[in-house]
1. Given the criteria within 16 Å of the chain's Cα centre (by Cα), within 14 Å of chain B (Cβ to nearest Cβ) and open to solvent by 30 Å² or more (accessible area, probe 1.4 Å), does A:Lys101 qualify?
2. When you go through B:Asp314, B:Asp289 one by one, which is the residue that is within 16 Å of B:Val74 (Cα to Cα) and either touching a residue at least 60 places away in the same chain (Cβ under 8 Å) or of a type in the set (Val, Ile, Thr) (or both)?
3. If I go through region A:356-370 residue by residue, how many of them are of a type outside the set (D, E, K, R) and either closer than 13 Å to A:Met283 by Cβ or not in a helix (DSSP H, G or I) (or both)?
4. Could you figure out which of (1) out of contact with any Gly (no Cβ under 7 Å at 6 or more places or on another chain); (2) at the interface with another protein chain (Cβ under 7 Å from one of its Cβ atoms) isn't true of A:Pro88?
5. Taking into account only those residues within region A:97-136 that are touching a Pro at 6+ places or on another chain (Cβ under 8 Å) and assigned to a helix (DSSP H, G or I), which is nearest to A:Ala327 (Cα to Cα)?
6. Exactly one of these conditions fails for A:Glu182: (1) surrounded by fewer than 20 Cβ atoms within 10 Å (Cβ to Cβ); (2) within 12 Å of chain B (Cβ to nearest Cβ); (3) not hydrophobic (A, V, I, L, M, F, W, C). Give me its number.
7. Pairs only if they're at least six apart or on different chains, beta carbon under 6 angstrom, first in region B:247-262 and part of a loop (DSSP other than H, G, I, E, B), second of a type in the set (A, V, I, L, M, F, W, C); list them, first residue then second.
8. Would you tally the residues in region A:348-388 being more than 16 Å from A:Ser317 (Cβ to Cβ) and open to solvent by less than 60 Å² (accessible area, probe 1.4 Å)?
Protein chains: 2
Amino acid sequence: MSRPTGAWRHQPQHRGRMWAASPFFRRQLVLLRSLLPQSPPPSSVAGCRFAHLSSPSGTSGSLRAARAMAAATVYEADAEAVVRRITPPLDRARHKGQAGKIAVIGGCREYTGAPYFAAISALKVGADLSHVFCTKDAATVIKSYSPELIVHPILEESYSVRDDERASVSSKILTEVAKWMERFDCIVVGPGLGRDSFLLDCVSNIMKHARQANIPTVVDGDGLFLITNNLGLVEGNPLAILTPNVYEYKRLVQKVLNCDVNEETASEQLMELCHKIGGVTIMQKGKADVICDGKTVTQVSTFGSPRRCGGQGDILSGSVAVFTSWAQHFILSNEQPTEKRVNPTTLGCIAGSLLLRKAASLAFEKNKRSTVTTDIIEFLGKSLEDICPAEH
Amino acid sequence: MSRPTGAWRHQPQHRGRMWAASPFFRRQLVLLRSLLPQSPPPSSVAGCRFAHLSSPSGTSGSLRAARAMAAATVYEADAEAVVRRITPPLDRARHKGQAGKIAVIGGCREYTGAPYFAAISALKVGADLSHVFCTKDAATVIKSYSPELIVHPILEESYSVRDDERASVSSKILTEVAKWMERFDCIVVGPGLGRDSFLLDCVSNIMKHARQANIPTVVDGDGLFLITNNLGLVEGNPLAILTPNVYEYKRLVQKVLNCDVNEETASEQLMELCHKIGGVTIMQKGKADVICDGKTVTQVSTFGSPRRCGGQGDILSGSVAVFTSWAQHFILSNEQPTEKRVNPTTLGCIAGSLLLRKAASLAFEKNKRSTVTTDIIEFLGKSLEDICPAEH
């Protein structure tokens, strides 16, 4: 997919301010509703769309946060409509790469499955090319899982680098990743990344580079461990998407809000968390996946599967990456004025969440208790086809 | 398949001149038409066969090129008829290897999927033996994809060779490949080759050796990067087939013709490119695959699939290698006089293009947006069987 060149990519600062402005937000809601034409009226809690949050221009951050806490109603997304709208038609005239180029930063001596699941899911959802950047130990294994992936064995862990080599190795890794970065439509940071301090330092540099290059970045797994301890990596970045599970979310709340998770005021707390981090989109995974970009709180609660086998979060991160890049392209290609543009990260999360749930449901129907992540990945294609047939 | 010993293999210089001679070319056209008996009359653009290009004997190169530019009409190939004609019958008396021995030169630390796709596709189309020559890093992984392939871990990248060892390592690599070369009916240079300078130097030597041994050579992927910067490797070699995609073609045009791709005069530009490089066959991949050997411009536009997942070009290069070796054998075994012989490289490209498109179409029908290259390879056998049943 050719990279959008409009405001989403080149005006991050403007975007940050833009999202806080009430007139823009009202226009955005109108557009969101027009994107989701089958939505029932907002009075129906189960069916209505997106939170309404009053956030007048000029209101201070703390006041906005306070209002957010009082007003963050959660609306169920019409996720099927979102998938249908943002999934690009399969155009016969297109070339390799134009349906999306995704990269996963993850995979170390200990973990190889997670980055594989994320990267192969991106392909199965419909991306043209899927890369993995991992350590040398992990690369051989990840390559052997599938010839479909392009696996770069370039990351290093502390045990393989002498202290006096660290600076030069770190610089070489960044140079190596940087020469690829501009090609990607979205990156996923974290699946199977591990917690080695040297490796995480290198990944911090990669995240900073991705941000400078305006590449949307999904942060999951150990990537969330990294950013929880270094919030500056995502603060104020509207192209960052955090996808914490219940434990990762708890750590994030404790770190950022300095309190425990409060189930009673869950959506307000999520909204406050977004405000404090500033500009990012958070998908809080759980029984329902609750998505907040600091303006709206939306959820996808379609039932998936009662199986909780490890790896489903990796499918989700890879899928969200593809859908976010498609959403970004969809919004820009519709030539709407900058101030009318919907947040593609929210749309990407909604679509990714629904697709995983549909695929997990089909996989469970077939495999019951023995369902594993690979079984779910096999159903990504059918699930997307059921919602959005390829020849539509 | 036993290697042909006729003029195609032993008179490359004569062939070069031969192609430029008008009387021969007219005879060739007759033969091409006889190979394709169901072709409608040339007045039907959609159905007629092969470009008509006047090229009188004695005409200078530049004048020929100029005329080519004015007269390079593109005709649709009757690709199914080509596949049926050149695919050898499955003779019970044949031995292992007689249906084709193919080698892929490619596979490095970074890429392992591409050489695997090319090599396994050659087997799935019907070759008896398929080899891969790659780096040690890549070999273990490629071997793990499939026990069907013979994988030689003999190439080296710069990082693994000391400067003072380069000459001896390079020489050893060539010796190692050379002792196999005579056994191959066609080689594919480029899938997943990477761009390491030492490795590319070694592959240049392998290409020179293959040329001396008159082995047809399909050049794709990073092999095109190599030859674009070193045109001497293919200049004047009628057994070289270049299969550039849109980006690779653009670089080739810029380098050879010193201008940009011109959509308005696409076929004339392709013809000019062939003339400038001299003697090679180029298959310009795209919505239609357009094939030119400097005399004819033919296309295959059967619709394949709207999916543009990476790896389809590798299937194509492996398939073209098999079909080219079959076409060469078919032409020579029909005992036609040298001057009547059709260019087997053109026939190989036509057949390979059609087969990929048929297989991609069947794979897409089954897997829709989640179609990946492995899915397409699974349908190579059925696609060939549909066109050309094994028990016919």
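1. Considered against the rule, which asks whether it is within 16 Å of the chain's Cα centre (by Cα), within 14 Å of chain B (Cβ to nearest Cβ) and open to solvent by 30 Å² or more (accessible area, probe 1.4 Å), A:Lys101 comes out as yes.
2. Working: B:Asp314 fails: within 16 Å of B:Val74 (Cα to Cα).
The match here is B:Asp289.
3. To start, the set of residues in region A:356-370 that are of a type outside the set (D, E, K, R) comprises A:356, A:359-364, A:367, A:370.
Narrowing the set further to residues that are either closer than 13 Å to A:Met283 by Cβ or not in a helix (DSSP H, G or I) (or both) leaves A:356.
Matching residues across region A:356-370 total 1.
4. Unmet condition: (2).
5. If we take residues in region A:97-136 being touching a Pro at 6+ places or on another chain (Cβ under 8 Å) and assigned to a helix (DSSP H, G or I), then A:Ala118 is nearest to A:Ala327 (Cα to Cα).
6. (2)
7. Close Cβ pairs satisfying both conditions: B:Val261/B:Val253.
8. Count: 14.
The values are calculated or read from the model by the stated rules, or taken from the named source; none is laboratory data. Source: prediction; values computed, not measured. Cβ: placed from backbone, ideal geometry, glycine included. Neighbour counts: every protein chain shown. Note: areas computed on protein heavy atoms with side chains; ligands, DNA, RNA excluded. Shrake-Rupley method; radii C 1.70, N 1.55, O 1.52, S 1.80 Å.
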